[in-house]
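Notes to accompany the following structure.
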Amino acid sequence: MVIDSEFLTKFLRFGLVGLSGVVVDFGITWLCKEKFRFHKYVANSLGFCTATISNYLLNKYWTFHTTGQQGMLFEFSKFLGFALVGLLINNLVLFFLHGKMKLNFYLSKLIAIAIVSIWNFLGNYLYTFSA
């Protein structure tokens with residue numbers, strides 16, 4: 001399989017956007033869980049959703065350079081659909097690693113993010129932002 005430079009560039013940019021999303025996700029999760037004392041899964045979901053919105057905008061304009069191929073609401077709904085499935089995967093991994101295996105909450109969250117990142121990139125590359 002040959003990977004072209006455009007695919008590689010998009011993958012790297014998606015990864016950088018993802019890193020910024022991790023900062024947003026962890027920041028909101030930590031704030032909600034540790035300072036506001038929200039339930040850990042509610043805090044996790046709020047962090048995830050906030051990061052999803054920022055990631056959508058960064059990926060739309062910087063990673064995939066989409067402008068007018070489809071309506072923004074329709075495009076965001078596709079992005080959100082993948083993100084919601086990703087949230088389910090994220091919470092299941094978190095439940096398994098932290099809840100059942102007693103791994104540290106934030107380490108479990110980091111592993112969940114890594115798994116969901118692959119799902120999100122492939123879904124958005126192949127469907128949401130495809131030309």
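The values are calculated or read from the model by the stated rules, or taken from the named source; none is laboratory data. Just so it is clear, the structure is predicted and the values come from calculations on it, not from any experiment. When we count neighbours, we look across all protein chains shown, and the Cβ atoms used for this are built from the backbone with ideal geometry, even at glycine. Side chains are part of the model used for accessible areas, which takes the heavy atoms of the whole protein and leaves out ligands, DNA and RNA. Shrake-Rupley method; radii C 1.70, N 1.55, O 1.52, S 1.80 Å.
Figures for the structure shown
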item: Rounded accessible area per residue of the chain, 1.4 Å, Å²; result: 58 Å²
item: Residues with amide H under 5 Å from that of L103, placed H, sequence gap 5 or more; result: H98
item: GNM flexibility winner over the chain from T29, T67, T52 (Cα, springs under 10 Å); result: T67
item: The chain, Cα convex hull volume normalised per residue, Å³; result: 104 Å³
item: The chain - mean residue ellipticity at 222 nm from DSSP helices (-39,500 (n - 2.57) per run, n ≥ 4, rounded to 500); result: -23000 deg cm²/dmol
item: Accessible surface of the chain [probe 1.4 Å, protein heavy atoms]: carbon and sulfur percent; result: 75 percent
item: With at most 13 neighbouring Cβ atoms within 10 Å, loop trypsin sites (Lys or Arg not before Pro) (DSSP) excluded, longest segment of the chain; result: 38-101
item: Taking the C-alpha atoms of segment 74-130, convex hull volume expressed per residue in Å³; result: 56 Å³
